[in-house]
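One structure below.
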Amino acid sequence: MLDYLVLYQSESGNTKKIAASIFSRLPGNSKDLIDIDTDKTIPEANVYFIGFCVHRGSCSMEVSDFLSDLSGKQIALFGTCGMGDSPEYYKDIAGRVSAWIEADNDYLGYFICQGKMPQKVRMKYESMRTDENNDQIDRFIQNFDLALTHPDDLDVEHAKVFVDHMLKKIQL
């Protein structure tokens, strides 16, 4: 059994980038980094760092199914989200995702940062514009443009600090 498993789902590379930084920060050699969508052989571990991309305020069914199957484990969540840098929104997301974790696990905490979105999202925003929602669409497009550089170097450093905090809570 591994000490640490970093398991993630990434559609645009955002969560993969954060997963790699988390993996690099974990001590020792008893660890692995696995994309849930490309490697279906998932080893057992004592501690799971589980990453997801946010869609409509939560994770995918693949991630929620994996979370709900875990028992007696230590679990930390991480994710990337296209919508703005909002600690309140990120806390709500973490609450919805952590609800899939069974009570016999030890939920350690979460890290969520902004991630770039596909260009089709910006095009969708532009196609939704009306006289009534012009200001709202401007805010969506401004957020989209600000997200283009994320996750950035600061997000990666924050992910490493997150790992340091989680390591203080972990019992191997």
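Every number here is computed from the coordinates shown, using simple stated rules; none is lab data. If you're wondering where the values come from, they're calculated on a predicted model, not measured in any experiment. Cβ sites come from the backbone with ideal geometry, for glycine too, and all protein chains shown count toward neighbours.
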At 0.890 mPa s and 25 °C, Stokes diffusion of the chain via Kirkwood alpha-carbon radius, µm² per second:
147
Are there any GluC sites (Glu not before Pro) in the stretch 70-172 that are in a DSSP loop and have at most 15 other Cβ atoms within 10 Å? List them by number.
GLU102, GLU132
Within the set of other residues whose C-beta is less than 12 Å from the C-beta of TYR4, count the net charge using Lys and Arg as +1 and Asp and Glu as -1.
0
Reachable aspartates and glutamates from LYS16, criterion Cα separation under 12 angstrom, eight or more residues apart if same chain
ASP35, ASP37
If you rank HIS158, HIS150 by fewest surrounding Cβ atoms within 10 Å, what's the result?
HIS158, HIS150
Compute a Gaussian network model of the chain, connecting alpha carbons closer than 10 Å, and tell me which residue from GLN114, GLN136, GLN74 fluctuates the most.
GLN136
Among TYR110, VAL161, MET128, whose Cα lies farthest out toward the positive end of the dipole of the chain, if unit charges sit on the beta carbon of Lys, Arg (+1) and Asp, Glu (-1)?
VAL161
Tally Lys and Arg at +1 and Asp and Glu at -1 over the other residues with C-beta under 10 Å from the C-beta of THR80: what net charge comes out?
+1
Using the Cβ atoms and a cut-off under 14 Å, what net charge is assigned to the surroundings of VAL97, where Lys and Arg are +1 and Asp and Glu are -1?
-1
Going by how many other beta carbons lie within 10 Å of each one, how would you line up THR149, THR130, THR80, fewest first?
THR130, THR149, THR80
Residues TYR48, TYR8 arranged by fewest to most Cβ contacts within 10 Å
TYR48, TYR8
